[in-house]
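The values are calculated or read from the model by the stated rules, or taken from the named source; none is laboratory data. Computed from a predicted model, the values in this text were never measured in an experiment. All Cβ positions, glycine included, derive from the backbone under ideal geometry; neighbour counts span all protein chains shown.
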């Protein structure tokens, strides 16, 4: 099962928690997913599921709000200390912020 498929299952799950999403993200980072792959998967979920699910149940909006927070941590549109770190990223927060915010990772 892919990151995207597992994340969709979590979003649809009645027992959804932000901690489960965080654990899933860490699992896939440790498995070697890169920033671009994760970004595209979450972007696809927004494109394919947001309108459908938020019309079904209003509680899905909160779940998508949390995914939005993850997107900002992926793109660097947040404080430097909140940027998600992937394998191969620099340890230095300033360097990481510069690299992520330049968005070169979007077109590897």
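Can you find a residue in region 10-27 that is out of contact with any helix residue (DSSP H, G or I) (no Cβ under 9 Å at 6 or more places or on another chain), at pLDDT 95 or above and under 21 Å from residue 106 (Cβ atoms)?
There is no residue in region 10-27 that is out of contact with any helix residue (DSSP H, G or I) (no Cβ under 9 Å at 6 or more places or on another chain), at pLDDT 95 or above and under 21 Å from residue 106 (Cβ atoms).
Cβ-Cβ under 8 Å, sequence separation 6+ or interchain: first residue in region 33-58 and touching a residue at least 40 places away in the same chain (Cβ under 8 Å) and at positive phi, partner surrounded by fewer than 17 Cβ atoms within 10 Å (Cβ to Cβ) and part of a helix (DSSP H, G or I). Which pairs?
That search, which allows pairs on different chains as well, returns nothing.
Among the numbered criteria (1) crowded, with 16+ Cβ neighbours inside 10 Å; (2) modelled with pLDDT of 95 or more, which one does residue 45 miss?
Unmet condition: (2).
Does region 1-17 hold any residues that are part of a helix (DSSP H, G or I), touching a residue at least 40 places away in the same chain (Cβ under 8 Å), over 11 Å from the mean Cα position of the chain (by Cα) and surrounded by 15 or more Cβ atoms within 10 Å (Cβ to Cβ), and which are they?
Listed by number, the residues that qualify are 8, 11.
Take region 54-101 and flag every residue that is over 18 Å from the mean Cα position of the chain (by Cα), assigned to a helix (DSSP H, G or I) and at pLDDT below 95.
Of everything in region 54-101, those that are over 18 Å from the mean Cα position of the chain (by Cα), assigned to a helix (DSSP H, G or I) and at pLDDT below 95 turn out to be 54, 55, 56, 59.
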